[in-house]
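Here is the structure we will look at.
The values are calculated or read from the model by the stated rules, or taken from the named source; none is laboratory data. Small disclaimer: the values here were computed from a predicted structure and weren't measured. Here the Cβ positions follow ideal geometry from the backbone for every residue, glycine too, while neighbour counts run over all protein chains shown. Ligands, DNA and RNA are excluded from the accessible area calculation, which covers all protein heavy atoms including side chains. Shrake-Rupley method; radii C 1.70, N 1.55, O 1.52, S 1.80 Å.
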Amino acid sequence: MSDNTLIADLVPTLRYNDATAAITFLREAFGMTAVMVVPGDDDTVAHAELTFGNAMVMLGSNPPAGSDALLRWPVGGSALYGVIDGDVDAHCARAVAAGATVVLEPKDQDYGGRGYTVRDPEGNLWSFGSYRPRV
């Protein structure tokens, strides 16, 4: 974002063992846009920023095993939610076609909206739906 536009006040940050593959997956599965990818050493990703509507996630490569424990994060333990304005079922089908594993099939929720949950190739849970929380 060349104009330094603020996307969100809270930006989830993830680590992936294969961040390059994760970026490709997130683009293909969910329609995210990579707005910054900073290469790291040995074909890793030092830092990346991906947008989804007016939201953003940041991610990077997990350091190799044996690295400083403070810099190495567990993978597969995050759960994120994204609001979509389009066809929830079609969005889920796109995610599955890109390699996501369905955890919860698309369904109408008691609190409103329709949503689904999938697991990405490294184990993170991603939920998408038409429910938009209000502040």
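Could we say that residue 48 is of a type in the set (Gly, Ala, Ser), open to solvent by less than 40 Å² (accessible area, probe 1.4 Å) and touching a Leu at 6+ places or on another chain (Cβ under 6 Å) here? Spelling it out, residue 48 is indeed of a type in the set (Gly, Ala, Ser), open to solvent by less than 40 Å² (accessible area, probe 1.4 Å) and touching a Leu at 6+ places or on another chain (Cβ under 6 Å). Within the range 17-34, if we keep just the residues that are in a helix (DSSP H, G or I) and of a type in the set (Gly, Ala, Ser), the residue that is surrounded by the most Cβ atoms within 10 Å (Cβ to Cβ) turns out to be 22. Identification of strands (runs of 3 or more DSSP E) wholly contained in the range 78-135 with 3 or more residues that are surrounded by fewer than 17 Cβ atoms within 10 Å (Cβ to Cβ) and at pLDDT 95 or above yields 101-108.
With respect to the stated conditions, residue 64 is exposed (fewer than 13 other Cβ atoms within 10 Å of the Cβ), touching an Asp or Glu at 6+ places or on another chain (Cβ under 9 Å) and modelled with pLDDT under 95.
Kindly provide the set of residues from the range 76-98 that are in contact with a helix residue (DSSP H, G or I) (Cβ under 6 Å, 6 or more places away or on another chain) and either more than 21 Å from residue 15 (Cα to Cα) or not aliphatic (A, V, I, L, M) (or both), ordered by number. Scanning the range 76-98 gives a single hit, 84.
Go through (1) open to solvent by 30 Å² or more (accessible area, probe 1.4 Å); (2) under 15 Å from residue 80 (Cβ atoms); (3) at pLDDT 95 or above and name the single condition residue 55 misses. So residue 55 meets the others, but not (3). Here the range 98-135 is the region considered, the condition is being small (Gly, Ala, Ser) and without any contact (Cβ under 8 Å) to a residue 60 or more places away in the chain, and the residue that is nearest to residue 78 (Cα to Cα) is 123.
Here residue 38 clears all of (1) at pLDDT below 95; (2) over 29 Å from residue 87 (Cβ atoms) except the condition numbered (1).
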